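Here's the structure, in structure tokens; my notes come after.
The numbers here are math on the coordinates, done by the rules we state, and not lab data. As the structure is a computational prediction, the values presented were derived from the model and not from experiment. With ideal geometry, Cβ positions are generated from the backbone for all residues, glycine too; neighbour counts draw on all protein chains shown.
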Amino acid sequence: METRFSGVRQFPAYQVSEQSFDEWRQRPTVYLDTSVPSYLTSKLSADVTTANRQLATREWWREHRERFGLLVSVRVLQEVAAGDIVYAERRVRALSGIKILDIPDACHSLAQSILKIAHLPAKASVDAEHIAIAAIYDIRFLLTWNFKHMANARTRQKVVRACELSGFRSPNICTPEDLMRIFANERPHP
């Protein structure tokens, strides 16, 4: 699918990679939802579970991200740019160089289908939008720490069904820890 990359003017600290989308697709593609740059750049939490997730995210980012064609949507950039200005700048900067996907016309319809079939509340509409964008662009993995609406077995099954009923293939929704396990025996991309 041919894409247009946009949104750069809205994020002056953001630089887009010069690689073409086809070159990007030579590696497994990964759509980053907002939780990944948030865990990557935030102050280490006092909560043990959250701190472990932050450390896993930092390890994946440091040692494994080069194996993948990373993508974000304009929506992710809008979300990471919100909030505390210091941390917002860190999040936007962390994503510098990553391809930006437009929000395709079919996104709203697919997101609504995901909400309905997965029995997600209306407040999960942005989460459904992230899934829809990844599905429409045929992104292999959606990386997230959102267990409530995305990275749980029950929701994943329903998301797969919603995507298939709409004629799309669902991304494999996983955490950075999951993705490190999936590719543990593969050699890094040169």
Be a star and scan the range 70-91 for residues whose amide nitrogen sits under 17 Å from the point 7 Å along the Cα-to-Cβ vector of V126.
72-91
For q = 0.11, 0.14, 0.22 Å⁻¹, what log10 I(q)/I(0) does the range 22-115 give under the Debye formula with an equal point scatterer on each alpha carbon and no solvent?
-0.37, -0.59, -1.18
Which values of log₁₀ I(q)/I(0), to two decimal places, follow from the Debye formula for the range 8-182 at q = 0.08, 0.17, 0.20 Å⁻¹ with a uniform point scatterer at every Cα?
-0.22, -1.08, -1.47
Using just the C-alpha positions of the range 119-188 as equal point scatterers, what log10 of I(q)/I(0) does the Debye formula give at each q in 0.12 1/Å?
-0.31
Near the amide H of N146, under 5 Å away, which other amide H atoms are found, from residues 5 or more places off or on another chain, if H is placed in the peptide plane?
A151
Once you have the Cα-Cα distance between K116 and Q26, take 0.36 nm times their residue separation minus that, and quote the gain in nm to one decimal.
29.0 nm
On the formula 1/(1 + (r/R0)^6), with r taken between the Cβ atoms of D102 and R181 and R0 of 30 Å, the FRET efficiency rounded to 0.05 is 0.40
Could you tell me the center-to-center distance, by alpha carbons, between the range 37-93 and the range 112-190 in angstrom?
18 Å
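Just rank L55, L142, fewest to most, by other beta-carbon atoms within 10 angstrom.
Fewest-to-most Cβ neighbours within 10 Å comes out as L55, L142.
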Neighbour-count order for H119, H108, fewest beta carbons within 10 angstrom listed first:
H119, H108
Neighbouring Cβ atoms within 10 Å as the yardstick, rank V72, V86 fewest first.
V86, V72
Quick one: which residues, 5 or more positions from G97 or on another chain, have an amide H under 5 Å from its amide H? H modelled 1.01 Å from N in the peptide plane, none for Pro or chain starts.
Q15, V16, S17
